[in-house]
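Everything below concerns the one structure shown next.
The values are calculated or read from the model by the stated rules, or taken from the named source; none is laboratory data. It should be emphasised that the depicted structure is a prediction, and the values quoted were computed from it without experimental measurement. Positions of Cβ are generated from backbone atoms using ideal geometry, with glycine treated the same way; all protein chains shown enter the neighbour counts. Just so you know, the surface numbers come from the protein's heavy atoms only, side chains and all, with ligands and any DNA or RNA stripped out. Shrake-Rupley method; radii C 1.70, N 1.55, O 1.52, S 1.80 Å.
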Amino acid sequence: MAAVTEEILEHLAAVSFVAGRDARAALPAVAPLGAAAELRYLETGRDLFFYDREAGKGFFHGTAELVAAFGGLDPWLEQSRVFLTQRGTFRAAVGFFAQAAALRRTLGAEAELVWFDVGTRWLAQHVDSAAAYFRLPVLTLFGSEGVAGLQALMAPAEALLQGRLGLGTYLPGALRVRALCGLEGVAEWARRGADVLAAGRVRGEAWFRLESEEARSFLLEILPGFRLGVHKRLFLLLLQAWTGLQPPLEDGDWSAEGGRAFVETDGRSLFVPAVMPDREEALLAFYHTGAHLAFGSYEEEAIHALFRELGMAHPPLDAEQRVTWRPLFAQFGQDLLRFQMIFDLCEDLRVDACLDREMPGYAARLLRLAQRRGRPTGVAGAYYDAALGMLAQLGAGTLPEDLTALAQPRSGIVDSFRVALERYGDTDLPPLGLADRSQAYLPGRSPNAARPVYPTRRHPAREEMDLDGDGGLGAAGHEEEPREMPQEAAGNDPDLEIPPEDIQGTGGRGGGHSHARQGHRCRAWRQGSQRGLCLPGMGLSPSELQGGLGAGP
């Protein structure tokens, strides 16, 4: 080791024991490059440490990975000196040293150079913005669009800086908008936001943080996909035609974070998102969710039987007399999502088999859409494949013995639970998290226990109850008051949000209304359609209405 190199090390140790120790620990990664490289490296490290201790520590700690990723000191050593040109750049420097090596390895040299150049421009204009930029995870920043995507994401921000809007406010919102609406949506959102910012700073910052109602409304306007607004009534009438059900429709969950859009139910209403990927998935989602109501997924007697499997006399109920599902899955501890997903696979197959008997071609149509949509990546793909395989076996008549039992007319949700228990004990499906679970469902399907539900009842004197309000009565046989549509549906996931001490519930019986098995009603409607009966309230025969939808079964 050259004398001048040792002198620098001793100088660092005299100033700070930590600096001397970290520099000596990092030096072996640089030593193979030669004495000149060692000296150049230590001089830069010393300057950074004297500029700011955190910047210096980040430099020394990241050295081994940086040398390995770049194959030496160039160009990252020279890049690091840019953080000595402005006051207060240490947070940006720490972000650079922590991420440059990983970026170089994953996206390559060009991506690293562009990332650094964009950050350098911001360093010269607004140090806090540069810190927000360099500290943001690089894979999140680049997304799936690569270098061009990064440049398109950052382009609107430079104009907004003239309105004193920094990247700390712009980037989190822009990334959420990109996830929902793509880069074109980001550009449009930023243009509108510039006008809002000019009208008032507080209002403008709320817009870019996606905290204002006007920002949320604007995102709903530009969301890509099939908008259900004007089609919901038609889809509901089709559901009524095939199942006899006409549940109320309410606004489904929506958030600026994005995520997959599902049609869901609480046993009483259908919660419908504003936008779905396409028209076919939206219609199949209505059919599938309605099938859960029509074929007993939330029937009170079945739910009581399900909880008796756990040794509980009654299912736990919340303050609104809805069944909370957590005790059903709590026995699986940290693995509850995996069992819940296997249970959903079994129950979804059961209700889809029921609906396919009443609506010939439904299962084949769902299978075609799922095959066309393609397998999701990661852990979710294993569950997607499992669901796809079950559906293909249903169509081919080759279901294994346990699943064949679920495809029988008299099967119920308790049968699905028992089959799921058996399959869970011998599964090779991997554990998964909430983000994986949301991507694991076939198009049109959705989590069955994502909401607490009102248990439905069968009247003791009748096989089924009407849901379309005959004689002015509601589904439970009593007069219903008009219901106001909420701005947002509650839709919490009970698996994660019900405190453990609440899982035993209060017991008692739910006061929900009835969605009994509707199979004979479906057959009666189909027989009536052959005699030329009209769909209630439309003035069209069912065959004419189906023809108007084109793709309908």
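For the stretch 206-258, what does the alpha-carbon gyration tensor say about shape, rounded, prolate or oblate, given a ≥ b ≥ c as the root eigenvalues, a/c under 1.5 as rounded, and a/b over b/c as prolate? Judged from the Cα gyration tensor, the stretch 206-258 comes out prolate (a/c at least 1.5, a/b above b/c). Restrict the search to the stretch 267-355; then list the GluC sites (Glu not before Pro) that DSSP places in a loop and that have at most 13 other Cβ atoms within 10 Å of their Cβ. Passing sites in the stretch 267-355 are E309, E320.
Applying 0.36 nm per residue to the separation of A435 and R357 and subtracting their alpha-carbon distance, the gain on full extension is 24.8 nm. Working from Cα pairs under 8 Å separated by at least six residues, relative contact order for the stretch 236-287 is 34 percent.
Counting only other residues whose beta carbon sits under 14 Å from that of A2, what net charge do I get with K and R as +1, D and E as -1? Around A2, the surrounding residues sum to -4. For the pair A64 and F332, what calculated FRET efficiency results from E = 1/(1 + (r/R0)^6), where r is the Cβ-Cβ distance and R0 = 30 Å, to the nearest 0.05? Plugging the Cβ-Cβ distance into 1/(1 + (r/R0)^6) gives 0.10.
Given a 1.4 angstrom probe, what's the average accessible area per residue across the stretch 378-429, in square angstrom? Value returned for the stretch 378-429: 49 Å² of accessible area per residue. Multiplying the residue separation of D117 and A319 by 0.36 nm and subtracting their alpha-carbon distance yields 67.1 nm.
If only the Cβ of Lys and Arg carry +1 and only the Cβ of Asp and Glu carry -1, the dipole of the stretch 286-382 around its Cα centre is close to 600 debye. Projecting the Cα atoms of A194, F208, M154 onto the dipole axis of the stretch 133-241, where Lys and Arg carry +1 and Asp and Glu carry -1 at the beta carbon, places F208 farthest toward the positive end.
Extending 7 Å from Cα along the Cβ direction at A392 and again at D428 yields two label points whose distance is 1.6 nm. Dipole magnitude for the stretch 80-223: computed about the Cα centre from +1 point charges on Lys and Arg Cβ and -1 point charges on Asp and Glu Cβ, it is near 520 debye.
With a Förster radius of 35 Å applied to the C-beta separation of T377 and Q86, the computed FRET efficiency comes to 0.30. The loop-placed trypsin sites (Lys or Arg not before Pro) in the stretch 19-68, going by DSSP, include none that has at most 11 neighbouring Cβ atoms within 10 Å of its Cβ. Size descriptors for the stretch 256-345: radius of gyration and Dmax over Cα atoms are 15.2, 43 Å. Looking at the stretch 65-190, the accessible area is 41 square angstrom per residue; that uses a 1.4 Å probe and ignores ligands, DNA and RNA.
Placing unit charges on the Cβ atoms of the charged side chains and taking the dipole of the stretch 161-273 about its Cα centre, the candidate lying farthest along the positive direction among S217, L249, G166 is G166. Computed over the stretch 111-184, relative contact order equals 31 percent, with contacts defined as Cα pairs under 8 Å that lie 6+ residues apart.
For a test of the definition: using alpha carbon positions, the gyration tensor, and the 1.5 limit on a/c, classify the stretch 324-417 as rounded, prolate or oblate. Cα axes put the stretch 324-417 in the oblate bin. Look at the Cα gyration tensor of the stretch 44-149: its axes a ≥ b ≥ c give a/c of at least 1.5 with a/b at or below b/c, and that counts as oblate. The GluC sites (Glu not before Pro) of the stretch 102-152 that meet both conditions, a loop assignment by DSSP and at most 15 other Cβ atoms within 10 Å of the site Cβ, are E145.
Here the stretch 210-295 exposes an accessible surface that is 54 percent carbon and sulfur, computed with a 1.4 Å probe and the other protein chains kept in place. Surface analysis of the stretch 288-329 yields an accessible area of 29 Å² per residue, using protein heavy atoms and a 1.4 Å probe. When +1 charges are put on Lys and Arg Cβ atoms and -1 charges on Asp and Glu Cβ atoms, the dipole computed for the stretch 180-330 relative to its Cα centre reaches about 220 debye.
For V18 and A124, the difference between the fully extended length at 0.36 nm per residue and the C-alpha to C-alpha distance is 35.1 nm. Note on the stretch 259-339: dipole from Cβ charges, positive end direction compared against G296, A330, F262; the farthest Cα belongs to A330. Using the Kirkwood radius over C-alpha pairs as Rh, can you work out the diffusion coefficient of the stretch 229-294 via Stokes-Einstein at 25 °C, viscosity 0.890 mPa s, in µm² per second? The calculation lands on 206 µm²/s.
Each label was represented as a point 7 Å from its Cα along the Cα-to-Cβ direction; for E7 and R410 these points are 9.6 nm apart.
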